[in-house]
C-alpha cells in the first residue's frame, strides 16, 4: 500500500512566511485568527486523510462502484464509514458560512485540507467538497426558503450534492443542451433529459442527493442564453415534510473508466423529475461560472495532492530499492547494491517532483488568499481587484497544475521500474486517477482559450501586466535579499518572456483570435512556470532569513534553496521555448485543409 | 471500437524516397529485391493487423489472461485463432533466415510489419516476434544440434519463445540474479529459481514454449560475469523424440497490470528444471545484448505504432464531434456546431502527433536499414561502421520514441474530452498499454546512461560527431534544394545544440560520470529531436521534388512540407532547452543529502 505523510509542516511554513497574516487582519474572519488553531485543524485533517481515506484508495480501485437493477449504486467498501467520519467531523462545511452550520475557515487554509483529502483518496474526494461551492450559488441566487431548506443539510454533508451539466452530445459547448424544463402550476418545473459524466449522481453515502441541473425552459432560446439552473432533490418532501418521496431522477448506468473507479460517474435520466428554479430564468450560467472557477482551483489542488503522494512513494522506493552501483563508487559497499536514489537520473526526477510540489503548493495558498480577499475584503475595490487577479490565474492553476501533476505521477511511476506497471504497487493507479484532471471541469485546451481570449482580452491584458509588474518588483527585492541565488536571473529572463508573450498575444488576439489560440497552451505553461518561480522567490527569501537567523538546524531551509535553484536552472528555461512557440506562425497549425489530417 | 488504417502508402513512399535501394543492392538479399513484392507483403500484413488483430484489442483488455490452478494460462478470446493466422501466414519468421523456415525479409521493410502488428494489438504482439530475435542468438551461439532441434520451430512460430531475465530483487542490475544452474552428468543443467515479468512465460498459443533463461552455474562468480544463458523447454523430449514430457517450469501467478491485459506477464518458478547451456558458460550476456538491442528498436517501433493508432482515432473523432464554433466564424452554419478540428489547440495537437509519427516512422526505416547493413554488408568495415551507428541510436530510438509515443497517446486521448476517459471509447487503453514501453526493456533512464557513458564514452564520442557531420552535410544539401523551408535554419540551430551538448558531455563524462548523467535524459531527447529533424530534411527534399515534377495532385506532398514546418517551428526549438539543462550545474541534482529527499 502507498504511504502518505500530509505536509502539515510545509503548509504552516507557507502560512507563516508567505501569507503575512498581519497584512490581512482586515479581512472578515482574519482579525482574531489563531494560527495554532489552523495547525490543529490541519493536523486533524491529515490524520483523517492518512488513517481513514488512504487505506480505502486501492480497495476502491479494485472494487469500483456497483449499480443495481433498481438503479441504486453501492460505493466501495469503507466509503460509507469514511463519509460519516468526514461529515461528523465537520469537514464538509469547513469553508462554508457559520450561519448554515459551516466553520467559515478561510480558503487560504482550507486548501491544505483539500489537498490532503484528494491526495489520500481522489475517488472518495469526488463525493465531497461540493457543499461549500454549491452553497455559494444558493446563497447568491436561491430564495430564502431554498436556503433554509437545503443549505444546512448540504453544508454539513448530511445530504450530497451533484451537478448535472454534460449531455451525450454536449460538454464544453453547454449551450447545445437539450434537457427541457416545463413550468408547472405550483411554480415548480418538470425536467426531462439525460445527463452524463455526473460524478456522484447516485450513491449510498447520504439519504438524499440534491441535483443542480442545467436545463432549458420550454420556449426559451437555443444557445447558452436560454439556460436555467434548477434544484432537483433525489428525494422530494412529502406532505409530512419528510424527504421520503422518490423523484423521477434515476441512474441509468455508471461508466467504466480509466481510473477513479471508486467515484460513481453516472448517466442520469430525468423523466419529468420535479425541480425548482434557482435564481432568474435564463441566467443559469451566472452562478455556474463562479462554481466552475472554484472547481477549477480545486482541480489544481487535487493535482498537487496526487503529485505529492506519488512523490513521497517514489522517494521511499528509490531509497529502499537496491539496484546497481553509484557512478562515483559504491555508497553501501556492504550491501549487494546501492539504493536507486544515488543515480543521477533518479535524483533529477525527484528534484523535479519536489521543486514542483513545493512551489505549486505555495501557489495554491497564494491563490486561496486571493479568493479570500474576493470574499472577505470590506473594501469593494480591493475585492474587485482580487477578483480580476483570480480570474486571470484560475485557468493557469487548473491546466498547468493538472498537466504537470499528471506528468509527475508518470515520472514517479517510472522510478519503480517494472514494479510501477504492476497494480499491486499502487502507483499506477495514481496515473490513471489523476489523468482525469486535465480533462474534466473544462478540458485544458479550453482553459487556454479562456486565458488568451477572455482574460487577456479584457483591458488589453492589464491584469496580466499588473501581475508581471508585481513579479518584477519581487525580482528587484530578491536582488537585494538573495543576490547569489540563480533564481533571480532566471526569473528576470522568465518575466521578460512572459511580458513579450503577453504583449504579442494581446495584440494578436485583437485581430486574429485563431492565431492567438495556437499559442494558448504554451502561454498557460509559460505563466504557470513564472507563477511557481514567483512563489520560489518568496520562499527563498524566507528560507534565507531563517538561515541568517541561525534557525536551520535540520538543513531544511538550505534544501529549499537548492530546490529553488533546481527550479531556476532546469525548469524555468522552458519559458523561452514556450515563447518561441507562441510567436511561431499560426500557419503551421491553421493552414492545412481538414482533409489533410 | 478504434479504427485503424495501416500506413502502407507512407511506408512505400519512405522505401522509395528515403532508402535509395539502388545504393544498397550490394547487401545480401537486396540485389533482386522487388519493391512490388514488398508492397504486397505490407498490404497483407496490414490486412491481418486491421482485420484479425485489431478487433481483439479491446476484448483482450477486458478479459485479460487467466491462470488456472494447474498453472496453465488461457489467453483472451480470439488470440489462438489470431496466432494461427500469424504463424501459418509465415509472419513469425518474416525476417529470419530461409535456412530455418524464415523469409529473410530485410529489417528495413519488416519494421513496417512490426508497426502494424503492435498498433493493432500491443498485447497480442507481446507473444510474437521473438522467433527471429532469439534465432539470432541461437545461430550465433547454439550448437548445431540446438539449431537443428529448435530453430525451425521457433522461426515458424510453431513454438513460442520467452526470456527469463528479471527476478524479484533484480531488474536493471541483472548481475544480482540468484537463479542457480547445477551441472548434470548428461551435460544438461538443473535450474532452480524464480523469474518475474516474464512476458508469455506461459500461454495456450503454442504446444511448447522455449524459455531462454539467465542463471548462475554453481560456483561461478557473483555479478554479471558469472551469468550463463540456458535453453529450457516447457516440454522436454521423451525417448520417442516427442516433446511430451513436462519440465519443472511452471507459472506461479500472472501480474495484474496497468495495461497490456492480454499479455500474460508471468511469475515463473523453476524447480530443478532441465535446461541446456547456450554458448560458453559465463558468457550469457553476450548474446543478450544483441537481443536487447533488437528489442529496444522494436520498443520504439511499438511506440510509433500506438501513436499512429491513437492519432488516427483522434483525427476521426475531432472531425466528427460537433462542439462549439470556429473562432473565425461558423464553418458548418447549417449544423448545430462546428467539428472540434476547427479549434486551434486541437489542430496544434494533431499537427504535433502527425509530424512526430511521420518523422519517427522514417527514423525506424532508416535504422532498420542500418541494422540490415550490419547483418548483410559483404564488407566488414561497412558492417562495423553501421554497428557503431546502430549502437549509438538504439537507446535514443528506445527511450525518445517511447517517451513521445506515450505523450502522444495522452494527447490523443485529450482530444476526446470526457469521452476519452471512459473505457468504451477505447483510447484510454492505448495510454495504459503503451505506458509500459518507457519502463520495460531497460527503463528510459538507463538508456540515457547507456548513451552518455557507454556510447559517447567510446572514441571520445566519434560516432556522435560522425552523425552530426552527416546531418550537417544534409543541411547544406537542403539549403540548395529547399532554401525557403524554415526547417533548414531550425536544423542548423538544432545541430549546433547537439554538437555543443555532445562536446560538453564527452568532456564531462571523462572526468565526472555522475555529473554527465544529470543531463542524460535531456541528451536523449535532444538527439531524438535532431534525428527526426534529419528525417524531415530528407522527406522535404523528396516532397519538393515531387511537387516540382507536378506529381502532387492530392496535395499530400504540400501537406508533408507543412508538417515539416510545424516540426521545425514548434518542436525543434526544444533542443535549446535541452542543451540548457545539459549544461546546468550538476549540483542542483547531486548536492542534496539523501535525507533531504
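Rounded to the nearest 500, the 222 nm mean residue ellipticity of the protein assembly as shown from helices alone is -16500 deg cm²/dmol, with -39,500 (n - 2.57) taken per DSSP H run of at least 4 residues. Ranked from largest, the principal axis spans of the Cα set of chain B equal 79, 62, 59 Å.
When the scattering of the range A:284-438 is computed by the Debye formula from its Cα atoms alone, each counted once and equally, what is log10 I(q)/I(0) at q = 0.11, 0.15, 0.16, 0.18 Å⁻¹? Summing over Cα pairs of the range A:284-438 leads to -0.54, -0.80, -0.86, -1.00. The range B:6-62 and the range A:178-252 have Cα centres lying 56 Å from one another.
Looking only at chain B, where both bridge partners belong to it, what percent of the DSSP beta bridges are antiparallel (to the nearest 5)? Bridges in chain B that DSSP calls antiparallel: roughly 80 percent. Scaled against the 2.2 N^0.38 Å expected of a compact globular protein of N residues, the Cα radius of gyration of the range A:8-134 reads 1.19. Nearest beta carbon of chain A to the A-to-B rotation axis, with distance in whole angstrom: A:577, 2. Taking the longest Cα principal axis of chain A as reference, the axis of helix A:520-548 is set at about 60 degrees.
For chain A, the longest principal axis of the Cα atoms and the long axis of helix A:107-120 meet at an angle of about 90 degrees.
Return a whole-number percent for the relative contact order of the range B:454-523, with Cα pairs under 8 Å and 6 or more residues apart as the contact set.
Details: 36 pairs, mean separation 24.2, N = 70.
RCO, the range B:454-523: 35 percent.
For the range A:176-252, compute Rg over Rh where Rg is the Cα radius of gyration and Rh is the Kirkwood radius from the inverse mean 1/r over Cα pairs. Don't skip to the answer; put the middle values down first.
Values: Rg = 13.4 Å, Rh = 13.6 Å.
That ratio is 0.99, to two decimals.
For residue B:21, the label point sits 7 Å beyond Cα toward Cβ; its separations from the matching points on the remaining copies run 7.9 nm, from shortest to longest.
Label-to-label distance, residue A:591 versus residue B:469, with points set 7 angstrom from Cα along the beta-carbon direction: 3.6 nm. Axis of helix A:486-511 versus longest Cα principal axis of chain A: the two differ by about 40°, to the nearest ten degrees. Equivalent ellipsoid of the range B:452-597: semi-axes from √(5λ) of the C-alpha gyration tensor, largest first, are 36, 16, 10 Å. If R0 equals 41 Å, the separation of the Cβ atoms of residue B:66 and residue A:68 corresponds to a calculated FRET efficiency of about 0.95.
Centre-to-centre, using Cα atoms only, the range A:432-505 and the range A:331-358 are separated by 31 Å.
As a length-normalised measure over Cα pairs under 8 Å and 6 or more apart, the relative contact order of the range A:412-569 settles at 25 percent.
Write down, largest first, the equivalent ellipsoid semi-axes of the protein assembly as shown in whole Å, where each equals the square root of 5 times an eigenvalue of the alpha-carbon gyration tensor.
Numbers: eigenvalues 500, 224, 205 Å².
Taking √(5λ) for each eigenvalue gives 50, 33, 32 Å, largest first.
For peptide A:334-346, compute the average count of partner chain beta-carbon atoms within 10 Å of each residue's beta-carbon. Please report the intermediate quantities before stating the final value.
Details: counts 0, 0, 7, 6, 1, 1, 3, 2, 3, 7, 16, 16, 5.
Taking the mean over all residues of the peptide, I get 5.
For the range B:310-366, taking the reciprocal of the average inverse distance between every pair of different Cα atoms yields a Kirkwood hydrodynamic radius of 12.4 Å. For the peptides A:479-486, B:42-49, the ranking by mean Cβ contacts within 10 Å, running from highest to lowest, is B:42-49, A:479-486. Inter-chain neighbour count for A:351-358: the average number of beta-carbon atoms from partner chains within 10 Å of each residue's beta-carbon is 2. Look at the stretch A:428-437: the mean tally of other chain Cβ atoms within 10 Å of its residues' Cβ atoms is 3. A simple packing score, the average count of other Cβ atoms within 10 Å per residue, orders the peptides B:342-352, A:394-404, A:462-472 as A:394-404, B:342-352, A:462-472, with the highest score first.
Annotation for the range A:519-585 versus the range A:102-158: alpha-carbon center distance of 32 Å.
Find the relative contact order for chain A and round it to a whole percent, using C-alpha pairs within less than 8 Å whose residues are 6+ positions apart. Over chain A, the number comes to 13 percent.
Taken together, the values in this text are just the output of simple stated rules run on the coordinates, not laboratory data. If you're wondering where the values come from, they're calculated on a predicted model, not measured in any experiment. A quick note on method: Cβ atoms are made from the backbone with ideal geometry, for glycine too, and the neighbour counts reach across all protein chains shown.
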